[in-house]
1. At 20 °C and 1.002 mPa s, grab the translational diffusion coefficient of the range A:93-238 from Stokes-Einstein with a Kirkwood Rh over Cα pairs, rounded to a whole number in µm² per second.
2. Over all Cα pairs of the range A:338-410, how is the pair count split among 5 Å bins, expressed in % and running from 0 up to the last occupied bin?
3. Roughly how many nanometres apart are two label points built 7 Å out from the Cα toward the Cβ at A:GLU11 and A:GLU101?
4. Ignoring everything but the protein chains, give the 1.4 Å probe accessible area of A:LYS355 in square angstrom, nearest 10.
5. Got a number for carbon plus sulfur as a percent of chain A's accessible area, 1.4 Å probe?
6. In Å², nearest 100, what accessible area do chains B and A bury in total when the solvent probe is 1.4 Å?
7. Between B:ARG175 and B:GLU273, how high is the FRET efficiency from 1/(1 + (r/R0)^6) when r is the Cβ-Cβ distance and R₀ = 30 Å? Nearest 0.05.
8. State the extension gain, in nm to one decimal, for the chain segment bounded by A:ALA110 and A:ARG327, taking 0.36 nm per residue of separation less the distance between their alpha-carbons.
Amino acid sequence: MTSQPMLSAQELSKLVDGASDAQLLRILELVERLERSPEIEGTIARIRSRLVALRPARPFTLRRLLTVPLEPLLVPHAEWVPGQRRISRAALPTLQTLALEAVPRDGKLACESTAGRRMEDARLLELGGELWPAAAAGLRGARLGGHDVLSRLGGAARLHLDQQIETAAVLLDEAPTLLAELWQLPPRPVVVTSPEERGRLERVLTAAAGKGGTCLQVVMEVLVQRTDNPVLVMQSLEACELRLPRDQRQGFIRRLATQCASYLQVRSRGAREAPLETAAETLASVIASVESLQTVGASGPVDRRALLEIRRDAGEVVEKRLDEALRRVVLEQASALATAVAPGDLESRARAAEKAARATSLLVHAGRRLGLGQWVESLLSETRDDYHKLAREVVQGLEARGLPRQERMLCLMDQVRLVEILYGSDAAMEILNEGLAGIEPEAAAV
Amino acid sequence: MNKPQPEAAALLRPATFAERGVAVPFTTPVMNHARIRPSRSGHGELLVPNPSGARGLYVLPLDGAGRTFSLTVHDRLLLEELSRVQALTPQEIRHASRRVAMMGTAGREAARAATEAGERDQTERLLVNVLLLDRLFRQTGFMDFDWRRIALQKRDIRERLRGEVGRLGPQLGMRADEILNMLEEISIHAATVGLPDVGFVSRAQTALKMLGRFDEELRAWAALEAGAHRETANLVMDCASFTLQHGRSAIDKAHAILADVIGLVRTWRANSETIAERLALAEWLLDGWQQIAAIWEASRHEERPARRMTLGEIASMLPVLPKDAVKHLDDAAAPAIQSHRRRWVRLHEDWRTGSIVAADATQRNEAVRILDA
């Protein structure tokens with residue numbers, strides 16, 4: 001990190017707004033070398049959903065090394081709920097500062113020698129194994145010793161930060177073994193596990209329980225987040241050898257179920273205002289978890305009324321976002337593709353429109369899973385003609401613009417691809433055949 | 001290296017490269033890793049891996065795929081294009097799939113990549129043609145030939161060359177036009193492997209480099225793996241190393257053929273098919289591997305569990321070496337590709353169509369089209 005900012009937060013904000021994925025990754029590389037200001041952090045927060053999808057290779061820095069163990073439980077500030085074992089992104093800079101102070105000098109030097117290179121898993125575990133326990137001890141020491149940063153806070157704010165410090169300290173302590181185990185699990189959402197994978201979950205939970213209730217709670221939260229399948233975690237806890245009385249074990253499970261339900265409620269409501277892609281992914285994940293929790297019998301630890309309420313909320317959000325996406329968001333982006341712009345801009349516009357269409361398609365799927373199939377089908381059939389009409393207008397417009405054949409073909413295909421994502425390839429072929437007749441009549445019969 | 005198990009290996013191995021078929025870059029997830037080969041009826045037929053992930057292939061007529069699976073627009077147009085291809089070789093399939101990608105069926109980026117790759121191929125073919133001619137002049141003792149006298153950018157380049165090439169006629173016993181036509185024909189086959197000691201990296205050499213990088217990255221990634229995943233990685237790495245070794249050797253042998261241009265010109269007419277086969281061996285050996293390397297590359301930002309799935313997918317699509325090829329290779333101990341396949345079906349995925357997760361999978365396949373244009 002340099003002390004000389006190379007561009008202002010305003011410039012950065014302007015750059016990322018129109019950037020393609022490849023450009024965004026290059027900008028991120030640049031930002032990694034900047035002094036972080038709240039404005040820059042804000043800009044990064046705005047594009048986080050895009051970054052999550054792109055999974056950029058981040059260069060190795062001490063700050064990032066200390067953040068990796070916390071990532072499983074990091075949530076946007078709006079989703080953070082007091083009492084839950086999660087960490088708000090707003091608290092992250094403070095946690096990083098406190099952890100950095102605790103890292104011994106030779107650890108910092110070891111990290112500097114690797115700085116800038118790609119973070120490989122093996123090196124991450126090796127270096128992290130040396131530094132994470134020290135950072136965890138530093139965080140606990142800062143809390144107990146009343147570090148300056150903390151003593152300025154009062155009341156609820158201090159209490160909330162203390163909770164997050166404790167969660168972060170557990171994560172850093174457990175990271176060397178926990179991360180390696182998490183990497184061995186199948187991709188989320190984890191639906192079916194092999195005996196080997198179930199054994200892995202049970203081993204992790206047994207080890208955590210041996211270190212006390214807080215550690216077990218944190219690890220359970222991590223596993224729920226990692227698997228998107230709370231019931232799997234509950235079943236693993238039931239199955240493993242814990243030296244806990246039955247009622248205490250059930251207490252942990254009930255607490256987990258309650259926390260899952262309240263977190264799902266928050267996430268589902270948060271999807272109401274989130275950017276389209278984030279909302280679609282959040283809803284898909286919420287539905288996966290709700291479906292998992294609904295498999296538990298009526299006498300189980302899950303409050304079924306709460307689950308029904310989450311489904312109802314999620315259903316309302318899906319209806320609102322899907323209607324808006326099909327009738328306005330994607331249609332506007334499809335129209336923007338028909339206006340004359342430079343080819344480079346057109347490429348990034350097409351990419352953005354396709355992303356929105358894919359998110360819409362995920363919402364369609366979410367709606368069907370929530371039992372809104374009939375409504376979804378009628379919305380799809382109502383809106384399909386709008387896209388068909390737009391494609392027809394685009395082809396007519398292309399004739400008037402006198403573009404070369406290849407460019408006209410690409411413009412037609414932009415529309416065809418959007419329709420394919422939203423309505424399937426049969427609908428897309430209809431538009432393609434009709435469009436080809438306008439572009440080159442002799443090749444129309446594809 | 002794994003020793004082949006005779007019965008299993010014999011059952012799995014196709015007799016020839018043609019019988020194994022050529023990898024086709026479909027974007028429909030269920031058609032991933034499908035191959036095309038000539039059928040008895042004269043039209044091509046498709047070999048599609050069993051969609052359930054179990055052992056075996058579906059053999060479908062070209063026009064049957066659309067009735068069996070729900071195909072993307074890209075794949076419908078590609079099937080149309082494939083039905084017009086005369087020779088089912090890696091080169092022809094590549095050209096057909098490029099024509100479809102250039103329409104924008106896999107997105108604007110893939111269209112641009114296909115256009116650029118097509119232009120690069122043409123330039124390389126022309127360059128190989130010119131370099132072969134240059135070598136021919138030198139090997140026949142016409143050291144004074146000066147390319148500056150031939151303005152390469154002019155349209156009547158052939159007319160200008162005819163006069164110069166005419167000087168070689170008596171030595172080779174051919175007319176100038178014959179020599180020029182022959183070199184043009186040879187260039188079509190030679191451009192894929194390129195010529196030794198010249199300033200461009202041929203397509204086969206690029207594929208080898210890509211495969212080498214894939215092998216290296218997979219080794220580093222697999223170091224943290226254990227159990228079944230490690231075994232899968234080992235199998236893939238064994239096959240990659242084997243292909244690398246024999247791919248390099250095939251390119252070297254092709255270069256040796258192209259080094260003696262006089263001999264090549266004299267024997268081409270009688271043995272053109274055999275020589276063309278030798279020149280194409282590297283491309284057949286590497287067919288499918290560039291796609292594999294591109295799939296791994298496209299997953300580089302994924303987390304370890306997701307890459308493990310990608311590795312499983314790669315293991316199920318490893319190109320099997322035909323009996324013919326194994327017989328002719330110096331070291332016939334080709335890794336035995338185990339036929340136990342598996343498939344992960346994710347939540348929200350219809351296993352028959354790959355629907356919903358298919359949106360991501362199709363997008364991944366389109367990204368692979370850009371990397372492997």
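1. In µm²/s, the coefficient is 128.
2. Spelled out per bin, shortest first, that is 3, 13, 16, 20, 17, 11, 10, 6, 3, 0.
3. Modelled inter-label distance: 3.3 nm.
4. 50 Å²
5. The nonpolar share, carbon plus sulfur, comes to 52 percent.
6. Chains B and A together bury roughly 3400 Å² of accessible area.
7. After rounding to 0.05, the efficiency reads 0.85.
8. This chain segment gains 72.6 nm when fully extended.
The values are calculated or read from the model by the stated rules, or taken from the named source; none is laboratory data. Treat the numbers as computed from the prediction; the structure is a model and nothing was measured. Here Cβ is always computed from backbone atoms with ideal geometry, including for glycine, and neighbour counts include all displayed protein chains. Please note that ligands, DNA and RNA were not included when accessible areas were found on the heavy atoms of the full protein model with its side chains. Shrake-Rupley method; radii C 1.70, N 1.55, O 1.52, S 1.80 Å.
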